[in-house]
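Below is one structure, written out as structure tokens; comments come after it.
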Number of protein chains: 4
Amino acid sequence: MNDDLTVPELQRRLAEFAAARNWQPFHTPKNLASALSVEAGELLEIFQWLTPEQAATVMTDPDTAHRVRDEVADVLAYLLQLCTVLEVDPLRALAEKIERNESRFPAA
Amino acid sequence: MNDDLTVPELQRRLAEFAAARNWQPFHTPKNLASALSVEAGELLEIFQWLTPEQAATVMTDPDTAHRVRDEVADVLAYLLQLCTVLEVDPLRALAEKIERNESRFPAA
Amino acid sequence: MNDDLTVPELQRRLAEFAAARNWQPFHTPKNLASALSVEAGELLEIFQWLTPEQAATVMTDPDTAHRVRDEVADVLAYLLQLCTVLEVDPLRALAEKIERNESRFPAA
Amino acid sequence: MNDDLTVPELQRRLAEFAAARNWQPFHTPKNLASALSVEAGELLEIFQWLTPEQAATVMTDPDTAHRVRDEVADVLAYLLQLCTVLEVDPLRALAEKIERNESRFPAA
């Protein structure tokens, strides 16, 4: 496995994966934003009937832990692909948001 | 601005931000998965009434571009915080998912 | 206020409302399904940071109660408009689903 | 099949179904709002990769038409159950919202 685990490298691999399957025509911003929302729902589905206590120990069951990692990957995959097509740098966007929130919600 | 834009560094800054405001009790897996889904909906909202053509040029309007980056940041923030509390490595989870998908959907 | 509160009558009023504003071109199945999902997220947002106990008493605060009714209305509005354009009878669809679930999950 | 297809009658049948399976403890407002959002995502999933033209003819395929009716039923089921536990009248909430929107968006 390629162990260069950075966001730009994963974006490159996702783009290559889609191109090899001729999936780019489907990867419009609107479709990717829909798919991101659908996958976020599938991640939430794992937790929907659990008490807060049950939800906190969800990773102790290997099958559920696998399902969580799988849905996290799907959410991240669509978020990164959306950022690629819109030319948004997701890590910079987050760093700037944290800075804005530091002004907006001053620490006590 | 701190320019170390890596996922672990952003996770550290998000954790520090939440700790300084005593927000950790709210950051249960179930609440973070809900917030992630809500923010994915807010990102989709930008595109919901647009034609595919309009959606493709959404970043040419500065206000909409700012809104897109802001919602991308919110989705990523909750995804990374969920990964922190569940001890999931998001980039590794995605790399493993891409490998599984390469077997599942062989390129033509 | 027109007090004929039935699903077909509300569907008729929603269609009339959209037609009077020339909004029908936006009301494609895909856009309405997106809007439904976005509004379901806005309804969930009300509950996302609440404990189960806090969530149970959400209607005792008049402002929150108004917000809940407002978001319930939005979800139902998009669901009914989607059913109109797809020619799905929502109450019949639900009755049939309950019957299928009665076979699928026999009561103890 | 019981052909009394009204919202209050379907709410009664949903409550009876849940009670017969001892599912009421799971049916907190927060869980039901999560489930509603998850099901809205499953409905959106049907449309996510379709062009507007393909989405418009989705009911001509019997399997997809069945899936649409099934997901519409799930969304409506959780919306009605949420309304039951919160004591919200969904049809009245929608009628009142339409009236507010008539003032907010005057027809041309």
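The values are calculated or read from the model by the stated rules, or taken from the named source; none is laboratory data. This is a predicted model, so every value here is computed, not measured. Note that we place each Cβ from the backbone using ideal geometry, even for glycine, and neighbour counts take in every protein chain shown. Only protein heavy atoms, including side chains, enter the accessible area calculation; ligands, DNA and RNA are left aside. Shrake-Rupley method; radii C 1.70, N 1.55, O 1.52, S 1.80 Å.
Before moving on, here are some points about what is shown:
- Condition met for D:T51 (modelled with pLDDT under 95, farther than 27 Å from C:V58 by Cα and open to solvent by 50 Å² or more (accessible area, probe 1.4 Å)): yes
- Condition met for D:T28 (surrounded by fewer than 15 Cβ atoms within 10 Å (Cβ to Cβ), of a type in the set (V, I, T) and more than 13 Å from the chain's Cα centre (by Cα)): no
- Verdict on B:W23 being more than 22 Å from A:M59 (Cβ to Cβ), within 14 Å of chain C (Cβ to nearest Cβ) and either touching a residue at least 24 places away in the same chain (Cβ under 8 Å) or out of contact with any Gly (no Cβ under 8 Å at 6 or more places or on another chain) (or both): no
- A:R104 vs. criteria open to solvent by 70 Å² or more (accessible area, probe 1.4 Å) and at the interface with chain B (Cβ under 7 Å from one of its Cβ atoms): no
- Filter result (free of Cβ contacts under 8 Å to residues at least 12 places away in the same chain and facing another protein chain (nearest Cβ under 7 Å)) within the range A:7-20: A:R13, A:F17, A:A20
- Boolean, B:A56 is over 26 Å from C:W23 (Cα atoms) and modelled with pLDDT under 95: no
- Top-ranked residue of the range D:54-68 - restricted to ones that are of a type in the set (G, A, S) and open to solvent by less than 10 Å² (accessible area, probe 1.4 Å), ranked as farthest from B:A55 (Cα to Cα): D:A65
- For the range C:82-95, filtered to residues that are within 7 Å of chain D (Cβ to nearest Cβ) and open to solvent by 70 Å² or more (accessible area, probe 1.4 Å), the residue that is farthest from D:V58 (Cα to Cα) is C:R92.
- Residues located in the range B:81-108, provided they are aliphatic (A, V, I, L, M), in contact (Cβ under 8 Å) with a residue 40 or more places away in the chain and over 14 Å from A:T6 (Cα atoms): B:L82, B:V85, B:L86
- Taking each residue of the range D:45-64 that is farther than 19 Å from A:V38 by Cα and looking for partners that are small (G, A, S) with beta-carbon atoms closer than 9 Å, six or more apart or interchain, yields D:M59/D:A65.
- Any chance C:V75 is within 13 Å of chain B (Cβ to nearest Cβ), buried (at least 19 other Cβ atoms within 10 Å of the Cβ) and β-branched (V, I, T): yes
- Members of the range C:1-11 that are surrounded by 14 or more Cβ atoms within 10 Å (Cβ to Cβ) and modelled with pLDDT of 95 or more: C:V7, C:E9, C:L10, C:Q11
- Just one residue in the set B:E39, B:E45 is within 12 Å of chain C (Cβ to nearest Cβ), open to solvent by less than 20 Å² (accessible area, probe 1.4 Å) and within 27 Å of C:Q54 (Cβ to Cβ); that residue is B:E39.
- Residues that are facing another protein chain (nearest Cβ under 7 Å) and of a type in the set (V, I, T) within the range A:48-59 comprise just one, A:V58.
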